[in-house]
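Read the structure below first, then the notes.
The values are calculated or read from the model by the stated rules, or taken from the named source; none is laboratory data. From a predicted model like this one, the values you see are computed outputs, not experimental measurements. Here the Cβ positions follow ideal geometry from the backbone for every residue, glycine too, while neighbour counts run over all protein chains shown. These accessible areas exclude ligands, DNA and RNA; they are computed on the full protein's heavy atoms, side chains included. Shrake-Rupley method; radii C 1.70, N 1.55, O 1.52, S 1.80 Å.
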Amino acid sequence: LELFAEMQRRHLEPDAVIYSTMFSALRKCGNVGMAFELFSQMQQGRLELDVVAYSAFISAINKASDLKKTTRLLVQMRQKGLEPDLILYNALLDASEKSNDSDKAAEFFAQMQQEGLRPDLVSFSSFISACEKANDAERALGLFSQMLTTGLVPDVIVFNAVISACANGNRVSRAFELFGEMQEHRLEPTIVTYSALITACSEARRIEKALGLFVELQQRGLEPDEPVYTAVISACATANKAQRASQLFNEMQQKMLQPNAVIFDALVALSQKQSQWMEAL
């Protein structure tokens with residue numbers, strides 16, 4: 001960023017490669033506003049935008065979750081006679097995932113194949129993640145199967161996305177099957193994996209299994225984070241395990257983790273149940 005500022009001070013005209021590099025840097029630091037400002041500069045200048053620059057810009061602004069603006073950029077590209085490549089479509093799929101729009105992801109996924117582009121691991125990962133956020137387990141599983149038939153080997157990110165989709169879609173057995181397949185691929189489960197599995201167990205009222213996973217992840221050297229504590233405390237609240245829920249809540253605070261609204265709601269509901277039992281006695 002400092003070098004770019006120095007170029008401007010010297011009245012040197014950046015080329016498309018410089019702008020693309022800048023967009024990549026801004027994506028990493030999350031500076032969406034600056035990305036829009038640079039893109040505006042590019043359009044006002046005499047520089048012709050290429051596919052690489054468009055791809056880098058779309059990736060830089062994905063955190064803004066403005067899918068309509070992203071789609072307009074695709075139209076603008078085509079009007080300029082530029083054809084999207086695999087990298088650009090992957091940026092569009094990522095934008096769809098960030099916007100929680102699995103239908104738009106499906107549209108882009110179909111378009112890229114109609115144009116002769118073969119989806120890669122990044123393409124499938126983004127689309128499956130979009131399905132996970134939309135609680136569309138069946139579509140996520142279908143994509144996972146399709147990916148395997150193409151010869152692509154799933155990585156941890158893909159497995160976590162499809163396991164989370166199964167957890168959200170009440171496909172607990174399938175989530176654990178995928179957990180096994182993940183380890184067969186010699187992939188180490190992450191804290192995201194365990195969070196999804198504990199959530200699945202909580203929803204299915206398999207409380208002892210959820211608590212067992214909580215112990216297992218720590219035995220693997222993983223440190224429970226807020227989503228994991230949220231899932232396991234919610235599981236305890238569902239099973240009326242007041243003492244264990246209280247222990248986990250205290251443990252969470254000792255680790256300087258901030259309890260969220262879901263945890264407080266679960267504990268309040270559990271407290272109300274305890275009070276009702278006491279009154280009944």
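Look at MET256 and say whether it is modelled with pLDDT of 90 or more and surrounded by fewer than 21 Cβ atoms within 10 Å (Cβ to Cβ).
Against the criterion (modelled with pLDDT of 90 or more and surrounded by fewer than 21 Cβ atoms within 10 Å (Cβ to Cβ)), MET256 qualifies.
Would you point out the residue of segment 233-250, among those that are under 12 Å from SER202 (Cα atoms) and assigned to a helix (DSSP H, G or I), that is most open to solvent (accessible area, probe 1.4 Å)?
Here the answer is THR238.
Pairs, please: C-beta under 6 Å, at least 6 apart or cross-chain, first residue in contact (Cβ under 8 Å) with a residue 24 or more places away in the chain and among the aliphatic types (A, V, I, L, M) and in segment 104-132, second open to solvent by 40 Å² or more (accessible area, probe 1.4 Å) and assigned to a helix (DSSP H, G or I)?
As it stands, the answer is LEU117/LEU86, since those pairs meet every condition given.
Tell me, please, whether a residue that is in contact with a Cys (Cβ under 8 Å, 6 or more places away or on another chain) and either part of a helix (DSSP H, G or I) or under 16 Å from ILE163 (Cβ atoms) (or both) can be found in segment 214-230.
Taking every residue of segment 214-230 in turn, none turns out to be in contact with a Cys (Cβ under 8 Å, 6 or more places away or on another chain) and either part of a helix (DSSP H, G or I) or under 16 Å from ILE163 (Cβ atoms) (or both).
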